[in-house]
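The values are calculated or read from the model by the stated rules, or taken from the named source; none is laboratory data. Please read all numbers here as calculations on a predicted model, not as lab measurements. In this analysis, Cβ positions are derived from the backbone assuming ideal geometry, glycine residues included, and neighbour counts consider all displayed protein chains. SASA here: full protein model, heavy atoms, side chains in, ligands and nucleic acids out. Shrake-Rupley method; radii C 1.70, N 1.55, O 1.52, S 1.80 Å.
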Number of protein chains: 2
Amino acid sequence: MGISTRLTGAFGLEHPILSAPMAVAAGGWLAAAVSSAGGLGLVGGAYVDRDWIAAELDEAGDTPVGCGFITWALERSPDVLDLVLERRPRAVMLSFGDPRPLGARVRDAGVPLICQVNSRPDALLALEAGADVVVAQGAEAGGHGAHHRSTLTLVPELADLLADRSPDTLLCAAGGIADGRGLAAALMLGADGVLIGSRLWATTEAKVPTGLHDAALAADGDATTLSRALDIARGLPWPDRFSCRVLRNRFSETWDGREAELRDAGHTVGEDWKRAFVAGDPDASNTIVGEAVGLIHGVQPAADVIERIVAEATTLLGAHGTAASALRETDRGVDG
Amino acid sequence: MGISTRLTGAFGLEHPILSAPMAVAAGGWLAAAVSSAGGLGLVGGAYVDRDWIAAELDEAGDTPVGCGFITWALERSPDVLDLVLERRPRAVMLSFGDPRPLGARVRDAGVPLICQVNSRPDALLALEAGADVVVAQGAEAGGHGAHHRSTLTLVPELADLLADRSPDTLLCAAGGIADGRGLAAALMLGADGVLIGSRLWATTEAKVPTGLHDAALAADGDATTLSRALDIARGLPWPDRFSCRVLRNRFSETWDGREAELRDAGHTVGEDWKRAFVAGDPDASNTIVGEAVGLIHGVQPAADVIERIVAEATTLLGAHGTAASALRETDRGVDG
C-alpha cells in the first residue's frame, strides 16, 4: 500500500511525507524513524547549534535524513552548512529568509534543496534559488511562520505558479496536516506531498518533555495563539514578519502585548523560559504546536503515525492511488 | 456527472455547493442562478434590510433559494425572519452570534437551519440550536469571520465532533474554496459539501460593480488583510471577535490602526465609503474577498463556474464519485 507522487519518485520514498525540521524536537532519532518508515526525516538544524547538529546526525546513523535550517540563523553561522553538506544529507531545507545565497551552496554540493515559503513572492525567490522542492507553509502551522496565508489557498495558488514557471519543481503542503484526511486534501490541492510538524512532534522519538506532550493532548485546535514573547525573551532576532504559533498559556498571556517591557526585563525571563522548556513546564514555557493539535490524541511511535496517515489517505483517495497523477493533469488553467 | 454526498441527498441537489449569503452581492439573481445550476443559492440577508430582502426573494422567483443572516443583526429586527419564513425558503442560515433563540423559530417553521461557525464552542452552540447543517468557516474566507481557525484544521476537527455528538448533522466547509481542488479537498477533510463566497462573487449574476471585480481579478492571494475600519466607519456594531477580510488598499491602510480617530470622524468617512462602494471604487471603499482571490481569473456566469468546479473535482476524486462515501467510513477515530 502506498501513494505514489512525483515526490516519492524523486526521493525514492514509500510515502509522500517529510517531517518538519522542528527545533529541539526533531533530532536524529525522529528523523531516522521517519525515513525508516518510508518518508523523509529532517533534523531540526534550526538556530544552528553546531555540536547539537553533529550529534543528531550521528544519532541518525546510516539512515538517510536531511537537515533543515532557519535561513537567517544559518547566515550567521554559514560554516555549519559545510559541516552538514560534508555528511551528504538527503536534502537541505531553508526556511524564513532569502534562500538564494545559501541555496546556491547546497545546490553546488549536489544536495537537493527544499525551500519553505509563506507567500507568492517567497516562492519566486525559491525558484530563483533553484529549489527542488517548494514547501508552502500555511498559517495553521505550529511554530514560526508568516501566518498570513492558509495552506488551503497557498498550495493551489503556488501549484499554478509552479506549473507556469517551473513545472519540474515539486510542491509540498505544510501547516494543519495531521492525519490521512489532511494528506489526501493536500494532494487534491495540487501538492506532491506534505511536510508534517505537530503530528510527528507527538511521537515517541521526538525530543519533547512529557509535560509539553500532555498539554498538547489536552488541547483542541482553538487553543493556539500567535506569540512573539518567547522570541523576545530569548533574544532571538526574528524578523517582524514572523511569529510563533503556540498553545495559549500563562506565559503568552503574561507577555504578549508587553514586548517593550519584556525587552527591558533582560535575560532573566528568557533564562526562566529555557529552564521551564527543558523541564516541560507548559505554563512557564511554551508548547509549540499548530492548529492541528485538535486532531492529535496520543503519542505513538513515528512509524505507527505514518502508517495510519497513509492508510487513511489511501482509503480516501481510492485504492488505486491514481488521484495524485490525475491531479497533475488538471492543475493548470483551472480558472480563466 | 455529479458528486453525491449526504448534503446533495438531504437537499435534493445535483452538486454539494452552497453559495455564501454575501451582503449586497448575493441577491436573488445569484441565488437563483446557483440553485438552477444544481447547488443551493442563499440570498444575503446580512444586515437585514427588509425591503431589499423582499425584493431579492421576489427576484429569485420560483427557484428554491435560502436566505442567510448575520445573527446579531437579525436579533435587532427579528420580525424580518417571519417575513422570510412565510416565503418558505429552502433554508435559513445564521452566522456570527448565538444561533439558539432565532434558530428555534426557523426549526419551528419547518425550515432547514444552517449555522456557520468559527470554532469548536460555536459548533456546540449550533448543535444545541438543532442545526441541520454546520458550516465551518476558516480564516481564509472573505468578508467577516473570527479569523482564528483555518478551514483545513477546523473541518476535520468538527467532523470528529459531529461524528461523536450528532452524526446526522451535515458539515460544510467555507473559506478558501474557489475551484475543484478546494471542493475535492473539503470532501477529503470530512465535509459533506462546501459554501463558496468569493468565486461566486466573481460572477455575472453577483451584484458587484465592475471596479471591484477588476480589483479582485488583478489581485493575488497575498493581497488581503483583516480590517475593522469599514465597520467602524459605517457604525456597524460588530462584536470584537469578528473582523473583515478585504483587499488591502488605500482605505484599509489609511484607517486600520486608527480606530479611535475613525470613531471620532463620525459619519463622514462612512458615507464616503458607502458612495465609493456603490460606485465600485476599489481604493476608497473595499473589495470584500478572501484569500482564494488568487485562484480567480475571470468573471463568468455562475452556472459555468459551478460546472467547472464540479468537473474538476470529479476528475480529482476519480470518476466513480466514491470518495465522499469512503470518507464517512473513516472520519471517526482517526487518531488515538
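Looking at the range B:38-53, which of its residues are crowded, with 24+ Cβ neighbours inside 10 Å and in a loop (DSSP other than H, G, I, E, B)?
Across the range B:38-53, the qualifying residues are B:Gly39, B:Gly41.
Restricting attention to the range A:268-287, and to residues there that are open to solvent by 50 Å² or more (accessible area, probe 1.4 Å) and within 22 Å of the chain's Cα centre (by Cα), which single residue is farthest from A:Ala202 (Cα to Cα)?
A:Lys274
Would you please name the residue that is nearest to the chain's Cα centre (by Cα), looking only at residues in the range A:142-157 that are of a type outside the set (Gly, Ala, Ser) and open to solvent by less than 10 Å² (accessible area, probe 1.4 Å)?
By that ranking, first place goes to A:Thr151.
Only one of B:Asp160, B:Asp168 is more than 10 Å from chain A (Cβ to nearest Cβ) and open to solvent by 10 Å² or more (accessible area, probe 1.4 Å); which?
The conditions single out B:Asp168.
When the residues of the range B:125-141 are filtered to those that are in contact (Cβ under 8 Å) with a residue 60 or more places away in the chain, away from chain A (no Cβ under 11 Å) and surrounded by 23 or more Cβ atoms within 10 Å (Cβ to Cβ), which remaining residue is farthest from the chain's Cα centre (by Cα)?
B:Val133
B:Asp220 - would you say it is open to solvent by 20 Å² or more (accessible area, probe 1.4 Å), of a type in the set (Asp, Glu) and more than 10 Å from every other protein chain (Cβ to nearest Cβ)?
Considered against the rule, which asks whether it is open to solvent by 20 Å² or more (accessible area, probe 1.4 Å), of a type in the set (Asp, Glu) and more than 10 Å from every other protein chain (Cβ to nearest Cβ), B:Asp220 comes out as no.
Looking at the range A:92-124, which of its residues are open to solvent by less than 60 Å² (accessible area, probe 1.4 Å), away from chain B (no Cβ under 14 Å) and not hydrophobic (A, V, I, L, M, F, W, C)?
Matches in the range A:92-124: A:Ser95, A:Gly97, A:Asp98, A:Pro99, A:Gly103, A:Gly110, A:Pro112, A:Gln116.
Report yes if some residue within the range A:55-67 is part of a strand (DSSP E or B), of a type outside the set (Asp, Glu) and within 27 Å of A:Asp168 (Cβ to Cβ); otherwise report no.
The answer is yes, given that some residue of the range A:55-67 is part of a strand (DSSP E or B), of a type outside the set (Asp, Glu) and within 27 Å of A:Asp168 (Cβ to Cβ).
A:Ala191 is checked against (1) touching a residue at least 40 places away in the same chain (Cβ under 8 Å); (2) within 14 Å of chain B (Cβ to nearest Cβ); (3) out of contact with any helix residue (DSSP H, G or I) (no Cβ under 8 Å at 6 or more places or on another chain) and fails just one. What number does that condition carry?
(3) is the only condition that A:Ala191 fails.
State yes or no: is A:Pro89 over 15 Å from the mean Cα position of the chain (by Cα) and surrounded by 20 or more Cβ atoms within 10 Å (Cβ to Cβ)?
yes
Output the number of residues of the range B:263-281 satisfying the condition of being over 17 Å from B:Leu236 (Cα atoms) and in contact with a Lys or Arg (Cβ under 9 Å, 6 or more places away or on another chain).
1
Which condition number in (1) under 17 Å from B:Val43 (Cα atoms); (2) charged (D, E, K, R); (3) not in a helix (DSSP H, G or I) is the one that B:Asp82 fails?
Only one criterion in (1) under 17 Å from B:Val43 (Cα atoms); (2) charged (D, E, K, R); (3) not in a helix (DSSP H, G or I) is unmet by B:Asp82, namely (3).
For A:Thr315, all conditions in the list (1) surrounded by fewer than 22 Cβ atoms within 10 Å (Cβ to Cβ); (2) of a type outside the set (A, V, I, L, M, F, W, C); (3) in a loop (DSSP other than H, G, I, E, B) hold save one; what is the number of the exception?
Evaluating A:Thr315 over (1) surrounded by fewer than 22 Cβ atoms within 10 Å (Cβ to Cβ); (2) of a type outside the set (A, V, I, L, M, F, W, C); (3) in a loop (DSSP other than H, G, I, E, B) leaves (3) as the failure.
Looking at (1) open to solvent by less than 20 Å² (accessible area, probe 1.4 Å); (2) of a type outside the set (Ser, Thr, Tyr); (3) in a helix (DSSP H, G or I); (4) within 22 Å of A:Val278 (Cβ to Cβ), which is the only condition A:Val34 fails?
(4)
On the given criteria, is B:Arg181 within 10 Å of another protein chain (Cβ to nearest Cβ), farther than 18 Å from B:Asp122 by Cβ, open to solvent by less than 10 Å² (accessible area, probe 1.4 Å) and within 12 Å of the chain's Cα centre (by Cα)?
For B:Arg181, the condition - within 10 Å of another protein chain (Cβ to nearest Cβ), farther than 18 Å from B:Asp122 by Cβ, open to solvent by less than 10 Å² (accessible area, probe 1.4 Å) and within 12 Å of the chain's Cα centre (by Cα) - is not met.
Pull up the range A:244-267, narrow it to residues that are in a loop (DSSP other than H, G, I, E, B) and open to solvent by less than 90 Å² (accessible area, probe 1.4 Å), then point me to the one that is modelled with the highest pLDDT.
A:Asn249
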